[in-house]
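The structure appears right after this line, and notes come after that.
Here, each number is a calculation from the coordinates, and none is a lab measurement. Just so we're clear, the structure is a prediction, and the values are computed from it rather than from any experiment. With ideal geometry, Cβ positions are generated from the backbone for all residues, glycine too; neighbour counts draw on all protein chains shown.
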Amino acid sequence: QEHVAAAPVVVVVCADPARSGRRYGDRGQLYSIQDAASATTCLLLAAFDMGLSGCWTGAFDELMVREILSLPRRLVPTAIVPIGWPAERPAPPPGRDMTEALHWIEG
């Protein structure tokens, strides 16, 4: 993808399901993915705080990434984050009414 190839820095965030599984059993795989997602969010926020820009890229060829980075089999690449100086500062998207995202249970 062009935005990845053009970035001066690219971070590949990986999950380690086996490591999490040793501690949390069957739920470890889920937790490792959640941990990787949380780390990706923190990375993007830290980049923004430094005046940089990044893009969470989840659509990529996993086998190609594994080969290029010589990743151990236990690691699962979950996100590619190109980071660089932004070419523009677009306006934030319009906010969403929270009633669309929440479900209240009366009781």
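One entry in (i) 1.40; (ii) 1.06; (iii) 1.17 is Rg/Rh (Cα atoms, Kirkwood Rh) calculated from the shown coordinates; its label is (ii).
Note on the chain: with charges restricted to the Cβ of Lys and Arg (+1) and Asp and Glu (-1), its dipole about the Cα centre is near 520 debye. Placing unit charges on each Cβ (+1 for Lys and Arg, -1 for Asp and Glu) gives the chain a dipole about its Cα centre, and among Thr40, Ala91, Gly21 the Cα reaching farthest toward its positive end belongs to Gly21. For the chain, the residue among Tyr31, His103, Val9 whose Cα projects farthest onto the positive side of the dipole built from Cβ charges is Tyr31.
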